[in-house]
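Asker: This is the structure I have questions about; it appears just below.
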Amino acid sequence: MLGDQLHRRIPPLADRRPGEVRVLLVESEAALARRDWHRQRLHVVLASMRRFAAELASEGFAVDLRRAPTLRAGLDAHVAEHRPTRVVAMEASSWDGRRMLDAAGVDVVRSDRFLCPADEFAEWAGGRSGRLTMEDFYRWQRRRLGILMDGDEPAGGRWNFDADNREPPPRDGRAWPAAVTSRLDDLDAEVLAGLPDHAVGADPVGIWPTSRRAALARLRAFVDEALPRFGPHEDAMLAGEWRLAHSLLSSALNIGLLHPAEVVDAVEDAYRSGAVPIASAEGFIRQVIGWREYVWGLYWLWMPEYRDRDELGADRPLPAAWRGGAPTNMACLANVLAKVDEYGWAHHIERLMVLGNLALLAGTRPAEVVDWMTARFVDGAEWVMLPNVVGMALHADGGMMATKPYAAGGAYINRMSDHCRGCRYDPKRRVGDDACPYTTLYWDFLARHRGRFAANHRMARQVAGLDRLGDLDAVRARAAEVRAGLDAGTV
Ligand code: SF4
């Protein structure tokens, strides 16, 4: 079993009883060394693996949980020691993982961790002409799975409640639901004591579940307390609030502690019982059966070439502040980086419009951004980060996934957050020492890629805006200073 398949019902194990099989789990030293992981990310995976192994052992299974130089070395050592007649695994969730299992001669069974398996997504994609839009995929999922449907019609009369779910942050100082936490135990302490020295970020405080029981408790608490308030402000950002009404279920989903079907069922039941408004239920279900499954399908459709995409020729390093080497004067960026450090998490608009947007506008190398996000978020994995970063945030696939880049100046962040009030920069200014770096870089980005985007009808209005700027030369000169400042950690 791989470290993101920690569920008793996965196909190779579901119908097995103790005595019939021996279960192998490997902690790979190469995987631990591969990136500057967040401590909470490593803790979530390692503690969940060890807790899962202990649960299987208490059920009576023979469990071989071993540390090895690599996953393959652990598998080979296990085979040499136990001489199994057959090794069976569920499909890995990464391209390289699948190649490794194939090369090792493992019998691989189909993954059941998604509602739309990759081969069914490929079939859906193959039957379409033109762009593979998330909205089309999402409606196809709703219909074929019968989720939030009243007969042939979408529940609530509309497929999409996005228009209701883009409200700016409330400024009334309201309290948001507190995250459920678990007390850390001896197993957690042992995991934390053994983390590699190069791991970064704050230690966990029990927010991210490391057992199925804890994950189910988080699901219940989310549906009861946060979901009713999820919808309207799902895109809002507040400096003093990290969670708002987000589910915090992504790490549990991505390592197998929860299955998307049970999450979606719980949310739909809450809507049907009248406890949750349709805009919140639909907005959340869209993330799970829409976005999450769409990026999973695209990952398998477009790998392995997709991970090398860099259609905009982005060639700059990560900003110094991201690497932990410098502070930043940008209030929004400093706030989001602090949240990532403290929790190993930031919500989707903070990832897309603060981090991803800056990397896009500055021209940061896609592979570095993918690597950073995979390592720093508790829910990071290649299959989720590649499409979200390469396709959605950085437009590095040239538009295979998104019709236009999610490029925005400071005005967007000012509208959707309270960050700008406490910032030394001015979101309305594009030149001068107090110009917002996002605003400056936004115009510079459009100017740099004018030829490409002028032909995109969804970008034409933004590109035409360049002609109304009387100070474009000054903007571009300031942008060069901003980029140098991002490199040096002085912006
Ligand atoms: Fe961020 Fe610009 Fe607003 Fe400062 S002014 S918080 S840098 S968007």
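The values are calculated or read from the model by the stated rules, or taken from the named source; none is laboratory data. In this text, all values refer to a predicted model and were calculated from it rather than measured experimentally. Note that we place each Cβ from the backbone using ideal geometry, even for glycine, and neighbour counts take in every protein chain shown. Only protein heavy atoms, including side chains, enter the accessible area calculation; ligands, DNA and RNA are left aside. Shrake-Rupley method; radii C 1.70, N 1.55, O 1.52, S 1.80 Å.
Asker: Round to a whole angstrom and tell me the spacing of the C-alpha centers of the stretch 339-405 and the stretch 413-491.
Answerer: Here the answer is 19 Å between Cα centres.
Asker: Scan around residue 201 for amide H atoms under 5 Å from its own, H built in the peptide plane at 1.01 Å from N, and keep only partners 5 or more places away or cross-chain.
Answerer: 39
Asker: If one takes the longest principal axis of the Cα atoms in the chain, at what angle in degrees, from 0 to 90 and to the nearest 10, does the Cα axis of helix 331-343 lie?
Answerer: 10 degrees
Asker: Compute, for residue 404, the solvent-accessible surface of its heavy atoms (probe 1.4 Å) with the complete set of protein chains present, and express it in square angstrom to the nearest 10.
Answerer: Its heavy atoms expose roughly 50 Å² to the probe.
Asker: Per residue, how many Å² of accessible area does the stretch 402-491 show with a 1.4 Å probe?
Answerer: Result: 48 Å² of accessible area for each residue.
Asker: Let me ask something additional. Out of residues 5 or more away from residue 65 or on other chains, whose amide H comes under 5 Å of its own, with H placed 1.01 Å from N in the peptide plane?
Answerer: Sorted by chain and number, the residues that satisfy this are 25.
Asker: Of the accessible area of the stretch 365-491, with the probe set at 1.4 angstrom, what percent is carbon plus sulfur? It would help to have the intermediate numbers written out before the result.
Answerer: Working: 2500 of 5050 Å².
Here carbon and sulfur together make up 49 percent of the probe-accessible area.
Asker: Give a quick list of trypsin sites (Lys or Arg not before Pro) in the stretch 54-138 that DSSP marks as loop, anything other than H, G, I, E or B, with at most 16 other Cβ atoms within 10 Å.
Answerer: In loop regions of the stretch 54-138 (DSSP not H, G, I, E or B), the sparsely surrounded trypsin sites (Lys or Arg not before Pro) are 86, 110, 128, 131.
Asker: Roughly speaking, what is the stretch gain from residue 83 to residue 261, that is 0.36 nm per residue apart minus the C-alpha to C-alpha distance, in nm to one decimal?
Answerer: Details: separation 178, 0.36 × 178 = 64.08 nm, distance 3.65 nm.
Using 0.36 nm per residue and subtracting the Cα-Cα distance, I get 60.4 nm.
Asker: May I pose another question? Calculate the FRET efficiency for residue 305 and residue 129 from the Cβ-Cβ distance with a Förster distance of 30 Å, rounded to the nearest 0.05.
Answerer: After rounding, the FRET efficiency stands at 0.90.
Asker: At R0 = 30 Å, how high is the FRET efficiency between residue 466 and residue 167 if r is their beta carbon distance? Nearest 0.05 is fine. Present the calculation step by step, with values, prior to reporting the outcome.
Answerer: Working: r = 30 Å, r/R0 = 1.02.
After rounding to 0.05, the efficiency reads 0.50.
Asker: At R0 = 41 Å, how high is the FRET efficiency between residue 428 and residue 73 if r is their beta carbon distance? Nearest 0.05 is fine.
Answerer: Details: r = 57 Å, r/R0 = 1.39.
In this case the efficiency is close to 0.10.
Asker: Taking the Cα centre of the chain as origin, work out the dipole magnitude from +1 charges on Lys and Arg Cβ and -1 charges on Asp and Glu Cβ, in debye rounded to 20.
Answerer: Values: 64 positive and 68 negative charges, 127 e Å.
Rounded to the nearest 20 debye, it is 600 debye.
Asker: While we're looking at this one, here's another question. With Cβ to Cβ distances under 13 Å as the rule, what net charge do the other residues near residue 225 carry (K, R +1; D, E -1)?
Answerer: Residues near residue 225 contribute +3 overall.
Asker: Can you list the residues, at least 5 places off or on another chain, whose amide H is less than 5 Å from the amide H of residue 364, using H built in the peptide plane?
Answerer: Those lying under 5 Å, H to H, from residue 364 are 316.
Asker: Using a 1.4 Å probe and counting only protein heavy atoms, arrange 273, 111, 129 so the residue with the most accessible area comes first. Show your work: numbers first, answer last.
Answerer: Values: 273 85, 111 15, 129 110 Å².
Per-residue accessible area, sorted high to low, gives 129, 273, 111.
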